[in-house]
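Shown next, in structure tokens, is the structure this report addresses.
The values are calculated or read from the model by the stated rules, or taken from the named source; none is laboratory data. As the structure is a prediction and not an experimental result, all values here were calculated from the model. Here the Cβ positions follow ideal geometry from the backbone for every residue, glycine too, while neighbour counts run over all protein chains shown. SASA here: full protein model, heavy atoms, side chains in, ligands and nucleic acids out. Shrake-Rupley method; radii C 1.70, N 1.55, O 1.52, S 1.80 Å.
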Amino acid sequence: MPIELIMSLTEYNQKRNFNSTVEPEGEIKKSTSELIFVVQKHAASHLHYDFRLEMDGVLKSWAVPKGPSMNPADKRLAIMVEDHPYTYKDFEGTIPEGNYGAGTVIVWDNGTYTLADYKNAGDLETKLKSDLQKGHLSFILNGKKLKGEFALVKLKKKEENTWLLIKSKDQYAGHKDILLQDKSVISNRIIESLKK
């Protein structure tokens, strides 16, 4: 296994005490067919949404404070955080007090994704990594809630990890607040019911 893949989950593992959190331990794993994405609603010290794209056997992750939007006029701040293991895609539950990211998590949306301009010429993940390094990813989500084309655009700021998550103008774009659909796509529960 390439050393950079092992290194990509080092920060994730160092931030967690697996004797006291139910989160999955970090290991490299891949989908058998299409690449997956997941959006987790996370009631930590501040409510936010964790947007994750499978890439290279891990979930590249961004914390989106206001959550995703289907309105192209909304440019949502997205803070890139440490890679998460592939098995995190199904994680729901409560991270106990005293642990990194303490709070409750549900799987708000999930599905598959591909690059918006991908024409099957060459390796998809190589193109993804290249676009990520360039600071501009355009992709099509096929989720239960989020559908159509989106972009992640890196901001040219002092902070290395600030991006914007933007919905593209397509047939799925609209002004309705998608966040009102607040149930988990796995357990059909709302985050408040997991807190109890």
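Between the DSSP loop rule and a limit of at most 14 other Cβ atoms within 10 Å, which GluC sites (Glu not before Pro) in segment 28-116 are left? Those that pass, being in a loop and sparsely packed, are GLU34, GLU97. Computed from phi, the 3J(HN,Hα) profile of segment 94-109 under the Karplus parametrisation 6.51, -1.76, 1.60 (θ = phi - 60°) reads 10, 8, x, 3, x, 9, 4, x, 3, x, 9, 10, 10, 8, 6, 7 Hz, with x in place of Gly and Pro. Amide H contacts of GLY103: ILE95, each under 5 Å away and 5 or more positions distant or on a separate chain (H built 1.01 Å from N in the peptide plane; Pro and chain starts excluded).
Evaluating 6.51 cos²θ - 1.76 cosθ + 1.60 at θ = phi - 60° for every residue in segment 65-70, the Karplus couplings come out as x, 9, x, x, 9, 8 Hz, glycine and proline recorded as x. Per residue, the accessible area of segment 1-97 comes to 46 Å² when a 1.4 Å probe rolls over the protein heavy atoms. What a 1.4 Å probe finds exposed on segment 101-196 is 52% carbon and sulfur by accessible area, rounded to a whole percent. Test of the criteria: in segment 57-132, which trypsin sites (Lys or Arg not before Pro) are in a DSSP loop and have at most 13 other Cβ atoms within 10 angstrom of their Cβ? Listed in order of number, the matching sites are LYS119.
Pairs exceeding a 21 Å alpha-carbon distance, out of LYS30/LYS129; LYS15/LYS129; LYS144/LYS176: LYS15/LYS129. Helical content alone sets the calculated 222 nm signal of the chain at -3500 deg cm²/dmol, taking -39,500 (n - 2.57) per DSSP H segment of four or more residues and averaging over every residue. For GLY111, the residues 5 or more places off, or on other chains, whose built amide H falls under 5 Å of its own are PHE37. Sites listed here are GluC sites (Glu not before Pro) in segment 139-186 whose DSSP assignment is loop and whose Cβ has at most 14 other Cβ atoms within 10 Å: GLU159, GLU160.
With every protein chain left in place, what is the accessible area per residue of segment 132-196 in square angstrom, probe 1.4 Å? Could the numbers behind the result be given before it?
Values: 4270 Å² over 65 residues.
With all protein chains present, segment 132-196 gives 66 Å² per residue.
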